[in-house]
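Below is one structure, written out as structure tokens; comments come after it.
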Amino acid sequence: MRNRTITLLVAALAAASLLAACGGDDDDGDGGEQALSKAEYIEQGDAICAEGDREIEQAAEETFSDLEQGEQPSVEEIGEFGQETVLPSLQRQIDRLRELPAPGGDEDEVTAIYDAADEGIQTLQDGDPEDFATGGDAAFEDANRLAGEYGFQNCGGQEGAED
């Protein structure tokens, strides 16, 4: 059975990843792809975010598997994990989401989500790595709110909100 601390750590880091991951590319005609419907966009975006969440969770389990029952990772370990694992995963997710053709008429809305997520990533990249342990999810507050308002469930940290 996994350590409860690891589960809580993964949940906190996953929240950061979920809220940061949803965006879109407003390039019209880029690659000649037809825009997705909003439902399709959300479905595909949420799938990308869920995959990223699983990637981060697996990495956290591997990274912190040596902790004994009840032992918590240090602030430094959490910060290092955030910088070396979470942020690159978020960037990969955003890169994939940029490839999704935004729903017609929603380009500005999804661009705002992406811009807010990008700012969150930049804030954590530029900040102290230990910021992950002391509320790194705050860097993605705007992206989380915008993604949730748009209708994302996995992206935007909305998954499980009703559970």
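Here is a check on your reading of the model: is Glu62 closer than 24 Å to Gln125 by Cβ, at pLDDT 90 or above and not aliphatic (A, V, I, L, M)? Answer is yes for this residue.
Restrict the check to segment 73-96 and report whether at least one residue is of a type outside the set (S, T, N, Q) and not in a helix (DSSP H, G or I). The answer is yes, given that some residue of segment 73-96 is of a type outside the set (S, T, N, Q) and not in a helix (DSSP H, G or I).
Among the residues of segment 78-95, is there at least one that is surrounded by fewer than 18 Cβ atoms within 10 Å (Cβ to Cβ), closer than 21 Å to Ala35 by Cβ and of a type outside the set (S, T, N, Q)? Among the residues of segment 78-95, at least one is surrounded by fewer than 18 Cβ atoms within 10 Å (Cβ to Cβ), closer than 21 Å to Ala35 by Cβ and of a type outside the set (S, T, N, Q), which makes the answer yes. Has segment 70-86 got any residue that is closer than 19 Å to Asn144 by Cα, touching a helix residue (DSSP H, G or I) at 6+ places or on another chain (Cβ under 7 Å) and of a type outside the set (Phe, Trp, Tyr)? Scanning segment 70-86, I find at least one residue that is closer than 19 Å to Asn144 by Cα, touching a helix residue (DSSP H, G or I) at 6+ places or on another chain (Cβ under 7 Å) and of a type outside the set (Phe, Trp, Tyr), so the answer is yes.
Checked against (1) modelled with pLDDT under 90; (2) under 30 Å from Gln34 (Cβ atoms); (3) part of a helix (DSSP H, G or I), Asp46 meets all criteria but (1).
Among residues of segment 42-63 that are among the small types (Gly, Ala, Ser), those with a Cβ under 8 angstrom from a residue that is open to solvent by 60 Å² or more (accessible area, probe 1.4 Å), sequence gap 6+ or separate chain, pair up as Ala50/Glu159; Gly52/Arg92. Need pairs with beta-carbon distance below 8 Å; first residue free of Cβ contacts under 8 Å to residues at least 60 places away in the same chain and more than 20 Å from Ala116 (Cβ to Cβ) and within segment 72-101, second charged (D, E, K, R) and outside any helix (DSSP H, G or I); sequence gap 6+ or separate chains. Qualifying pairs under 8 Å: Gly79/Asp128.
Return yes or no: is Ala138 exposed (fewer than 15 other Cβ atoms within 10 Å of the Cβ) and of a type in the set (A, V, I, L, M)? Break it down into steps so the answer makes sense when it comes.
Numbers: exposed (fewer than 15 other Cβ atoms within 10 Å of the Cβ): yes; of a type in the set (A, V, I, L, M): yes.
Yes: the conditions hold for Ala138.
State all residues of segment 97-114 that are modelled with pLDDT under 90, in a helix (DSSP H, G or I) and open to solvent by 50 Å² or more (accessible area, probe 1.4 Å); if no residue qualifies, say none. Across segment 97-114, the qualifying residue is only Arg98.
The values are calculated or read from the model by the stated rules, or taken from the named source; none is laboratory data. From a predicted model like this one, the values you see are computed outputs, not experimental measurements. In this analysis, Cβ positions are derived from the backbone assuming ideal geometry, glycine residues included, and neighbour counts consider all displayed protein chains. Ligands, DNA and RNA are excluded from the accessible area calculation, which covers all protein heavy atoms including side chains. Shrake-Rupley method; radii C 1.70, N 1.55, O 1.52, S 1.80 Å.
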